[in-house]
Amino acid sequence: MKFNLLPLTAAVIIFVFSRYVCECNDSVATSISGMEMLLDTEKKILMIFEGYIKANEAKIEILKRKLEEYQIENDRAIIDPEKYVTNPLSSFSLIRRLASDWKDLMQYIEADAGESFLTQLKTYTTSSDFPTSEDVTEAVKGFIRIQSTYKLKPSDAMNGIINGVQYDHALHSKDLYEMGSDAFSQGFYYYADEWFKASLAKHDIEDSEYIYFNFNKETILEKAIDNKFAQKDYHVALKYTTQLLQHNDNNEKGITLFKDIEQILAFNALRNITNEGKVFGEPSTDPETESFERGCRGDYSKIRPRLSPEFSCHFVTENHPFLKIAPMKVEVINVEEPYMAIFHDIVSDKEIETLKTLAKPQLKRAFVYDPESKTSIASSHRTSKFAWYSDTDDDLFPILTQRLEDMTGLSMSTSEQFQVMNYGIGGHYATHKDYFDEPENLEGFKYTSYKIGNRIATMLFYISDVEQGGFTVFPSLLAAVKPKKGTCVFWYNLKPNGNGNPKTNHAACPVLVGSKWVFNKWIRSNGQMFAKPCPADYQ
């Protein structure tokens, strides 16, 4: 079965459009919602491009007719050249064609038939509707996260295979090259290797016209050599250089590099310097990241035994001491501290569409608090776009607020605003905590209005399904939650004594395929301890 591969398609559009740089403050690559607008942008560009081609096709037809006219005249003259030129009528016509017509024809050929369309195209491609070089960087970082977390193989991506699933879009050789080239420029040498290998493999099997746009096998090999030089992998650099010279023995860079590499290898041999068995540039992974990535791949289920049946899934009835709306389908993730549960079918499709409609035009790049600068900044630790809403922004929000209060038994009087988010290519949020530590993060408290208390609990709602990836993982608990439209994950961030619980540290895994929409609300303590005991105390 084949599926639509929006992230890869959007990435390709970003690579194409990024050749023209505009001054934009927000990165389109950090939100699938933002990238969907690129398709409309591309449609407008294609219409202009089509107009340009039609204008030139009309010009070509005129030139063909002139060629045919002159060819017929010349063929007639060649039969008896002397007779032709001795006739003053035909001889004058010959002189006039060569002295006048061909000059006019050359001017007509040199004139751009689609000049007005070309002007439109240039204007449009430098407008704010176009992605920037920043978007390319964001897109490549997203792919690197996917490549690292899910062990994505570029050799599969070039055939449209993602995590074992066949999709209806495969990457071209130039797409793969651009991925490797930008990864190289960002210092991701290990990952760039695989993209260059895939680009070379795809170039050998595809009938590409990119050669007309200054892209060929030499382009790939030259960059692949640079990447191997950066890794000091001179043996493979020499292999690529040999291929480059076999392809074009006059390539100046190849000739120079071949001599340089041979000298380096000879120098290393004299000093018995060997790199046998070395993996060049392989990124090191700390235990926390390894645990996080295992959860993203669904490996926690192999490590953590399932909860006992009495705690796994149940209906909440009106006899529950907290919950005021019933029945509700509740799936307990963790019974002991911290209490964590999933509420199923808690938001309707109509409510979800309202949230998305409200958020799409207002989405902005998500930020994180930076203790050093004491300001909020864009960070690779969090790649998404968000919008904030209070209860007065739409009739839906006070309804949701009341529902949350009924669900948890906690007062929403000091809760934060609703935050709606959409993730982009490889969109993620690195491992973090929702509560704040005082006094070590006192500035963070000030920034987030600590005067209304620490974050007792988090309520995270999924308002879209995600084809692949995008789990919410809790490494300390070996727990992972797959996004499911209409569900809500609830957990306590603080212990009953008011201290933060590090077991609640969590992360949003990179989105592999699909568009991940969520909204959340943090419940504040108003500077007090829990007003009521944790639900876990009642189990």
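See the values below:
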| read-out | value |
| --- | --- |
| Shape call, segment 123-177: gyration tensor on alpha carbons, a/c limit 1.5 | prolate |
| Set LYS153/LYS174; LYS364/LYS482; LYS43/LYS516; LYS385/LYS503 screened for pairs whose C-alpha atoms are more than 22 Å apart | LYS364/LYS482; LYS43/LYS516; LYS385/LYS503 |
| Segments 54-62, 497-505 sorted - mean Cβ within 10 Å per residue, highest first | 497-505, 54-62 |
| Carbon + sulfur, % of accessible area of segment 101-167 - ligands and nucleic acids excluded, 1.4 Å | 54 |
| Cβ-Cβ FRET estimate between SER116 and GLU61, R0 fixed at 25 Å, reported to 0.05 | 0.85 |
| Additional length obtainable on full extension of the chain from ASP286 to SER390, 0.36 nm per residue less Cα span | 33.5 nm |
| Per residue value of the accessible surface for segment 138-183 (all protein chains in place, 1.4 Å probe), Å² | 31 |
| Three-way shape label, segment 139-206, alpha-carbon gyration tensor, a/c 1.5 | oblate |
| Cβ-based charge dipole, segment 71-149, positive-most Cα from LEU105, PHE143, PRO81 | PRO81 |
| At R0 = 30 Å, FRET efficiency that the Cβ-Cβ distance of ASP156 and HIS344 yields, to 0.05 | 0.35 |
| At R0 = 56 Å, FRET efficiency that the Cβ-Cβ distance of GLU82 and THR354 yields, to 0.05 | 0.05 |
| Length gained when the stretch LEU105-SER411 is fully extended (0.36 nm per residue, less Cα-Cα span) | 102.0 nm |
| Surface accessible to a 1.4 Å probe, THR123 within the full protein complex, Å² | 90 |
| Difference of contour (0.36 nm per residue) and Cα-Cα distance, LEU94 to ASP465 | 126.2 nm |
| Cα gyration tensor shape of segment 41-84, rounded if a/c is under 1.5, else prolate or oblate by comparing a/b with b/c | prolate |
| Ranked by how many other beta carbons lie within 10 Å on average, peptides 159-172, 178-191 from highest | 178-191, 159-172 |
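The values are calculated or read from the model by the stated rules, or taken from the named source; none is laboratory data. In this text the structure is predicted, and so the values were computed from the model without any measurement. With ideal geometry, Cβ positions are generated from the backbone for all residues, glycine too; neighbour counts draw on all protein chains shown. Heads up: the accessible areas ignore ligands, DNA and RNA and are worked out on the full protein's heavy atoms, side chains in. Shrake-Rupley method; radii C 1.70, N 1.55, O 1.52, S 1.80 Å.
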